[in-house]
């Protein structure tokens, strides 16, 4: 029994040491992973500029094949649960936008071709606003939205 614990400890220590050496030598660098982060889209001040930066267009087409679940009233804007599910085929990405936030794009997910069209997260909202789910499929943008009332602001309020 003690040998198994000792082996587990030794394996964990060896793995942590190997990762530390890889990071230290530059073989494994976080900047490589973060290079594709769409900084302009997440810093944009309007919905249109965020979508243009992220997806190259901002023309949205309403769709009843997208379901957004969010509370009608969020008691704390710092933690608003939101889920998006779609039955649209060939979903490329799903993004969530809080229209009246200083930086409206709250999250963006690139979907694998075999992934289901579903994401769930928690977002921050500064005030009562429309939460918009944007689904990119086949080069087009589809959307649906829901009004969420915020009683305590989450973005500095």
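The values are calculated or read from the model by the stated rules, or taken from the named source; none is laboratory data. Please read all numbers here as calculations on a predicted model, not as lab measurements. Cβ: placed from backbone, ideal geometry, glycine included. Neighbour counts: every protein chain shown.
Remarks
- Test: residue in segment 133-151 that is in contact with a strand residue (DSSP E or B) (Cβ under 9 Å, 6 or more places away or on another chain), surrounded by 16 or more Cβ atoms within 10 Å (Cβ to Cβ) and at pLDDT below 90: no
- Any hit, segment 112-120, residues being farther than 21 Å from residue 75 by Cα, in contact with a strand residue (DSSP E or B) (Cβ under 8 Å, 6 or more places away or on another chain) and touching a residue at least 40 places away in the same chain (Cβ under 8 Å): no
- Residue within segment 45-59 that is buried (at least 21 other Cβ atoms within 10 Å of the Cβ), touching a helix residue (DSSP H, G or I) at 6+ places or on another chain (Cβ under 7 Å), part of a helix (DSSP H, G or I) and at negative phi present: yes
- Within segment 89-117, the residues that satisfy the criterion of being over 21 Å from residue 42 (Cα atoms) and surrounded by fewer than 16 Cβ atoms within 10 Å (Cβ to Cβ) are 89, 90, 112, 113, 114, 115, 116.
- Segment 64-79, residues that are at pLDDT below 95 and either assigned to a strand (DSSP E or B) or not assigned by TED's automatic domain parsing to the domain that holds residue 115 (or both): 73, 74
- Residue match in segment 2-20 (condition: assigned to a loop (DSSP other than H, G, I, E, B) and modelled with pLDDT of 70 or more): no
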